[in-house]
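What follows draws every value from the coordinates through simple rules; no lab data is involved. Keep in mind that what you see is a predicted model, and the values were worked out from it rather than measured. Every residue, glycine as well, gets a Cβ built from its backbone with ideal geometry; the counts of neighbours run over all protein chains shown.
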There are 2 protein chains.
Amino acid sequence: MAQEKKLVESITSRDVDFAQWYTDVVKKAELTGYTSVRGCMVIKPAGYAIWENIRTELDRRFKETGVENVYLPMFIPESLLQKEKDHVEGFAPEVAWVTHGGLNELQERMCVRPTSETLFCDLYNKDIHSYRDLPKLYNQWCSVVRWEKTTRPFLRSREFLWQEGHTAHATAEEAEERTIQMLNVYADFLEDYLAIPVLRGQKTDKEKFAGAEATYTIESLMHDGKALQSGTSHNFGDGFARAFDIQFTDKDNTLKYVHQTSWGMTTRLIGAIIMVHGDDSGLVLPPKVAPTQCVVIPIRQKAEGVMDKAAGICNVLKAAGIRTKLDDTDRSPGWKFSEQEMRGFPMRIEIGPKDIERGQCVLVRRDTNEKIQVKIEDVEEESAKLLDQIQKNLYDRALAFRLEHTYGADSYNEFKETADRKPGFIKAYWCGDEACEDQIKADTTCTSRCIPFGAEGEAPEDATCICCGKKARKLVYWGKAY
Amino acid sequence: MAQEKKLVESITSRDVDFAQWYTDVVKKAELTGYTSVRGCMVIKPAGYAIWENIRTELDRRFKETGVENVYLPMFIPESLLQKEKDHVEGFAPEVAWVTHGGLNELQERMCVRPTSETLFCDLYNKDIHSYRDLPKLYNQWCSVVRWEKTTRPFLRSREFLWQEGHTAHATAEEAEERTIQMLNVYADFLEDYLAIPVLRGQKTDKEKFAGAEATYTIESLMHDGKALQSGTSHNFGDGFARAFDIQFTDKDNTLKYVHQTSWGMTTRLIGAIIMVHGDDSGLVLPPKVAPTQCVVIPIRQKAEGVMDKAAGICNVLKAAGIRTKLDDTDRSPGWKFSEQEMRGFPMRIEIGPKDIERGQCVLVRRDTNEKIQVKIEDVEEESAKLLDQIQKNLYDRALAFRLEHTYGADSYNEFKETADRKPGFIKAYWCGDEACEDQIKADTTCTSRCIPFGAEGEAPEDATCICCGKKARKLVYWGKAY
C-alpha cells in the first residue's frame, strides 16, 4: 500500500550523509512542508506542537522572573532602523522592504522586522520618564524575517518564529544581571526540558550582536560535530538609549540614560532537538517536550479483548497526565512500530493476546529499543518512571558525546588537524586579536563559539595564542557552526 | 504627585462622546501604546494578557474539535494571490507589498498576508492526494496586515492578531457542518467566556467574504448601539479547490475536488469587551477573561497586622486559583480603588484595622459597586461565588441592553427614523435584492448584519421588503457597524 510505504521506507544514515538524513527526518516525521514561497517553511502540526510546548514552558519560566508579554508592529520605518549605527549595518543588508501599501507608494519604506530593538526603543522613549517606570521587562512571541540566500528547515529560513525579550533598567549592574539571568534561564531550559547540554559563555567582539556591548551565548553540539548557537542574551549598556534618547529622572532628581538588554530563542531549537537526539530510525523526542509521549499499539487487534485492554491502558496513562495515544488504525504492528520510531515518540506499549493471558504488556524505549515487560496494573507507574529515565538518558548520552568530541590543541598544526579530521569543539587559547579569529576561520572554517564563564575562560600566565603564539588572554571553544 | 494623577483623572463620559471615552479607556487602562509606525498599535502587557487568555481558551476549544495548529509563511507571491478571482479583487487594494529582499529587487513582488486562504490552498494542493488525507483541520495564530486608511486600537489597524482556521473535506455536507460548528464554537465562547451575547446568522451576498459561497457571522451590540462583527465562518464550497486544483482520489477511485472552510477571530474582541462592558469609571473585565480577577487593598496599611492579613487573603485566593494581586504600594487607598476601576479588575477586597477587629473584610464588585462584608474565613468561598455572579450579571446586563435596543419597523419611514434616533439593531424584512441593501445604506448608513438562522430568518408569506415593498424573502438584522 502506497500509504504504508511512505513512512517505513528507510532514511539516509546519519553517518553517510548527515544533511540528507536531516532533510529526510524533517520530511518523514512531517515536521515541515512546502509552499510556493521561496525560502520560507510551513511548520506542520507535528512540528508546531513541539514549538507550542517550547513556548509554553519558556514563557512560564520568563514570567516567573517578572517578564510581561507585549506585541509590537511587524514593520520598522527605515529612519527608525537607521538610528543606531552598528545595528543598521548588521541588519540592513538582509531585510525585506515594504514599499507599497494598498495602491500607493509609501512616503518612507519600511522593513519587516529582523529583530525589534529599534521598535522597543521607540516605545521606551515614549513610556519611560521616571525611575518609577523601571525596570521594563517586556517580551514578545512573533515571527521575524531575514533575507537569507540559502535556507534549511528550522536552521535557516527567511521567516522564523522566536521570542525576543527587551528590558530597560536604571543601572548598568541591573542590566548585566538580567542579561546573565536570562542566559541561565535558556541554559536550564535546554538542559532540563530539551535534554541538550550546553556551553555557557561570552561571544568575542567579532561574533557579538550588532549594537551590543556584550553578547552571551549557549552553544550545543550536534551529532555531526558542528556547533549550534542555541540562544543569546545581549547587554546593550546605554548605547541604544543614547541613540533613541531614552532618559529617566532618577531618585536623586537627575536625568539618566537607561541600560538595556535583549535575548532571544527561535524555532532553531527544533533543529537542535533533531540533530542532538535523532538516529537512523528517525526523530527522538525527549519526553518533556514530546507532544505524544507514548503510543499504545495493539497486536492482533481483532482478537477478543485486545482493543479493550489497549484502550484501557491508554486511558489510564492519559489520566495520569502522560500524553498518550492509541493507534487503532488497520495498519500492521510493524508499520506502527516504524512510525513511532520515525516520529520520535519516546516510548510505545505493545499489547496482544499472549500478553493479556500473562496479565502484562511490553514497554519499548525509543532511545535504546529496550523492551520491558510490566504487569498491566503497574503500567502507569512504570511508564512514568521510564519516561524519566529516557529524559535523563538522552541528556547523559548527549553530554558524553560532547565530552568525547571536545579536543585540546597544543599547536596550531594540531588544531588544524583536529579541525580537519575530528568534528567537535576545540578548546584553545587566544590572544584576543580579531586577526587571529579571521586567520583560524580562513584556515579551518572554525569560528570562536564562546569564551566560557569564570576561571575556565581565563588563560593562565604562561599560555600562548594557538594562532599567533603571542601571550594568550582567553580560553575559547572553537568549532564549525550552523 | 504626577504619577498619582495619571490614572485617577476622570475620563470622558460614554454618553458625552463614546469615541473619546473608548480612546481614554484604552489609554488609561494601558491596553495599547504608540510607536512611530503609523496605523499599527503596540499591545501593552494589560492588553496582551487579555489576548493570551482569549487565545488559550479558544485554542483549547478548537483542539477539542480535532483542530491542529500550523504556521505558514507571512508572504504571498502576487501570482498566488491572483489565483482566485473574487478573492484577489477583495484583498489586492488593501495589502502591503514587499518588493525588495536584502539589496535586491524581487523578481515577483509579494504581499504580507491579509489572510491565508491562498497559502493553505497551495499547501493542500501538495499534501492532499487521497481520501485518507482528509479532513485537514488546520489553524494558525498569527498577525495579518490590511492597509486601512483610518485606524483605531483593536477595532481597525493595519496589523492585527488573529487566528485563521482552514479546513478541507471530502464532501460538501462535511464542509457545511464544520462551518456551522466553528461559528457555534465562537458564539459559545463569546457568551460563556466574554459574557457577550451574540446574534448568529448568515451574511447576505453583498456582505460575504471574498471568494466564499456562504459566510456565517456572530454580531454583538456595543454600548453606543453600533454592531460589531465578532467572528465569521466561511464555506468555500469547491471554488478554491478548482482554482488551486486540490483533488483527491475518493474511496470509489474517482478524482474529486475538496470542499473548504475558513473561520477567524481577531484582537477586535478586546474592543468588544471594552465597548460592551465598560463604564464611565473605565474598563470592566468579565472574570473569566480577566488577567487579574481580584486586587487586595489594605486600608491604613502601616497599622499593625494589616499587611499580614492582606497578604494572607491574597495567598488564600491564589491557592484557590483566583488570579489575585496585593497592592502594597505606598499610594492612597482612594487611588488604588480608582485604579482597580480603570483597569477593570472584577472585584477588590478592602481590609483595614477595623475590619480585622471584626474578623471581616469587604468585597467590592466592579460591575455594580456593591460592597459585601464577609468573614475572613469565608473569603475564598465568597470571592469565588461573587466572581460567578459578576460573570453572569455582565452577560444578563448586555443581553437586556441588546433586547432593549432591538427595534422592529413597519414602514421605511419608521425604519429611517429609528436608524436616525435609536441606536441599535432594526429587524426588518428584505426582498433579497442587493439594490435595497444599497438604498438602505445610502439613506441610513445601516448595513445588513445578518439573516438569523432557522425560522426567525424566514419571511412569512405576506411580508414585504422594508425598502422596496415587494415580496420579502428574509428577515434581516440591520445596524450601523464598526
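In sequence order, what are the phi-derived ³J(HN,Hα) couplings for the range A:455-466 according to the Karplus relation 6.51 cos²θ - 1.76 cosθ + 1.60 with θ = phi - 60°, rounded to whole Hz, with x for glycine and proline?
4, 4, x, 8, 7, x, 3, 9, 6, 10, 5, 4
For residue B:399 and residue B:332 in the same chain, what is the full-extension length gain: residue separation times 0.36 nm, less their Cα-Cα distance, in nm? Could you put the intermediate results ahead of the total?
Numbers: separation 67, 0.36 × 67 = 24.12 nm, distance 3.66 nm.
Once the chain is fully extended between residue B:399 and residue B:332, it gains 20.5 nm.
What are the residues whose amide H is under 5 Å from the amide H of residue A:231, where those residues sit 5 or more places off or on another chain and H is modelled from the backbone?
Long-range HN contacts for residue A:231: A:218.
Roughly how big is the range A:118-206's charge dipole about its Cα centre, with Cβ charges of +1 (Lys, Arg) and -1 (Asp, Glu), in debye to the nearest 20?
The calculation lands at about 540 debye.
Summing +1 for each Lys or Arg and -1 for each Asp or Glu, what net charge is found among the other residues whose Cβ lies under 13 Å from the Cβ of residue B:227? Kindly include the intermediate steps, with their values, before the conclusion.
On the way: positive: B:203, B:226, B:268, B:402, B:427, B:449, B:480; negative: B:207, B:219, B:224.
Net charge in that neighbourhood comes out at +4.
Using the 7 Å Cα-to-Cβ label point, sort the distances from residue A:85 to its equivalents in the other copies shortest first and give them in nm to one decimal.
5.8
Sticking with the crude label model, points 7 Å out along Cα→Cβ, report the distance from residue B:302 to residue B:381 in nm, one decimal please.
3.8
Placing +1 on the Cβ of each Lys and Arg and -1 on the Cβ of each Asp and Glu in the range A:1-124, which of A:50, A:74, A:123 has its Cα farthest towards the positive end of the resulting dipole?
Of the options given, the answer is A:50.
Could you point to the residue in B:432, B:467, B:418 farthest towards the positive end of the range B:356-473's charge dipole, with +1 and -1 charges on the Cβ of Lys/Arg and Asp/Glu respectively?
B:418
I'd like the Karplus ³J(HN,Hα) series for the range A:203-208: coefficients 6.51, -1.76, 1.60, θ = phi - 60°, whole numbers in Hz, and an x wherever there's a Gly or Pro.
7, 6, 4, 4, 9, 7
What number, in percent, do you get for the relative contact order of the range B:1-114 if the mean sequence gap of Cα pairs under 8 Å and at least 6 apart is divided by its residue count? Please report the intermediate quantities before stating the final value.
On the way: 80 pairs, mean separation 17.0, N = 114.
Answer for the range B:1-114 is 15 percent.
What does the net charge come to around residue A:60 if you take all other residues with beta carbon closer than 13 Å to its beta carbon, with K and R at +1 and D and E at -1? Provide the component values of the computation, followed by the final result.
Values: positive: A:55, A:61, A:63, A:288; negative: A:52, A:57, A:59, A:64, A:188, A:192, B:52.
Summing Lys and Arg as +1 and Asp and Glu as -1 gives -3.
If you average the sequence gap of Cα pairs under 8 Å that are 6 or more apart and divide by the length of chain B, what percent do you get for the contact order? Could the numbers behind the result be given before it?
Numbers: 962 pairs, mean separation 65.7, N = 482.
Value for chain B: 14 percent.
For a quick check of your reading of the filter: which trypsin sites (Lys or Arg not before Pro) in the range A:237-312 sit in a DSSP loop and have no more than 11 other Cβ atoms within 10 Å?
Values: sites: A:242, A:251, A:256, A:268, A:288, A:300, A:302, A:309; in loops: A:251, A:288, A:300, A:302.
When the trypsin sites (Lys or Arg not before Pro) of the range A:237-312 are filtered for loop state and at most 11 Cβ neighbours within 10 Å, A:251, A:302 remain.
Using the Cα centre as the reference, give the magnitude of the dipole from point charges on the C-beta atoms of the range B:404-482 (Lys, Arg: +1; Asp, Glu: -1; all else neutral), rounded to the nearest 20 debye. Kindly include the intermediate steps, with their values, before the conclusion.
Details: 11 positive and 14 negative charges, 37 e Å.
Here the size comes out at about 180 debye.
Taking Cα pairs under 8 Å and at least six residues apart, what relative contact order does the range B:346-460 come out at, in percent? Provide the component values of the computation, followed by the final result.
Numbers: 98 pairs, mean separation 15.7, N = 115.
Reported as a whole number, the value is 14 percent.
R0 = 60 Å: FRET efficiency of residue A:226 with residue B:10, Cβ-based, nearest 0.05? Please report the intermediate quantities before stating the final value.
Details: r = 62 Å, r/R0 = 1.04.
In this case the efficiency is close to 0.45.
Using the structure shown, list the pairs from A:27/A:422; A:136/B:336; B:63/B:256 with a Cα-Cα distance above 24 Å, or answer none.
Working: A:27/A:422 29 Å; A:136/B:336 21 Å; B:63/B:256 28 Å.
Going by Cα-Cα distance, A:27/A:422; B:63/B:256 fall outside the 24 Å limit.
Hey, got the average number of other protein chain Cβ atoms within 10 angstrom for residues in A:124-133?
Details: counts 1, 2, 5, 5, 0, 2, 2, 0, 4, 1.
For this peptide, the per-residue mean of nearby foreign Cβ atoms is 2.
When a footprinting reagent is the concern and you count Cβ atoms within 10 Å, what order do B:198, B:379, B:144 take, fewest first? Could the numbers behind the result be given before it?
Working: B:198 26, B:379 23, B:144 20.
If I rank by nearby Cβ atoms, fewest first, I get B:144, B:379, B:198.
Around residue B:100, which amide H atoms from residues at least 5 apart in sequence, or from another chain, sit under 5 Å from its own amide H, with H modelled in the peptide plane?
So residue B:100 has HN proximity to A:97, B:106.
Using amide H atoms built 1.01 Å from N in the peptide plane, name the residues 5+ places from residue A:284, or on other chains, whose amide H lies under 5 Å from its own.
Under 5 Å from the amide H of residue A:284: A:278, A:279.
In which sequence would A:24, A:330, B:250 go, from the one with the fewest C-beta neighbours within 10 Å to the one with the most? Kindly include the intermediate steps, with their values, before the conclusion.
Working: A:24 20, A:330 6, B:250 14.
In increasing order of surrounding Cβ atoms, one gets A:330, B:250, A:24.
Please report A:238, B:205 as a ranked list, fewest other C-beta atoms within 10 angstrom at the top and most at the bottom. Walk me through the numbers before you get to the answer.
Details: A:238 18, B:205 14.
Going from sparsest to densest Cβ surroundings: B:205, A:238.
Label position 7 Å from Cα toward Cβ: report the copy-to-copy distances for residue A:400 in nm, one decimal, ordered from shortest.
Those label-point separations list as 7.1 nm.
Could you size up the charge dipole of the range A:248-291 around its Cα centre, putting +1 on the beta carbon of Lys and Arg and -1 on that of Asp and Glu, and report it in debye to the nearest 20? Please report the intermediate quantities before stating the final value.
Details: 4 positive and 4 negative charges, 34 e Å.
Dipole magnitude for the range A:248-291 comes out near 160 debye.
Can you list the distances in nanometres, one decimal and ascending, from the residue B:454 label point to the identical position in each other copy, with the point 7 Å along Cα to Cβ?
Once sorted, the set of distances for residue B:454 reads 6.9 nm.
Could you pull out the trypsin sites (Lys or Arg not before Pro) across the range B:138-226 that fall in loop regions by DSSP (anything but H, G, I, E, B) with no more than 13 other Cβ atoms inside 10 Å? Working shown, then result.
Values: sites: B:146, B:149, B:156, B:158, B:178, B:200, B:203, B:206, B:208, B:226; in loops: B:146, B:149, B:158, B:203, B:208, B:226.
Filter output for the range B:138-226: B:149.
Taking the Cα centre of chain B as the origin and placing charges on Cβ (Lys, Arg +1; Asp, Glu -1), which of B:170, B:401, B:100 is farthest toward the positive end of the dipole?
Of the listed residues, the answer is B:100.
Take the alpha carbon atoms of the range B:234-262, find their center, do the same for the range B:159-227, and report the distance between the two centers in whole angstrom.
The range B:234-262 and the range B:159-227 have Cα centres spaced 22 Å from each other.
Going by a ≥ b ≥ c, the root eigenvalues of the Cα gyration tensor, does the range B:318-453 fall in the rounded group (a/c under 1.5), the prolate group (a/b larger than b/c) or the oblate group?
Numbers: a/c = 3.83, a/b = 3.15, b/c = 1.22.
It comes out prolate by the Cα gyration axes.
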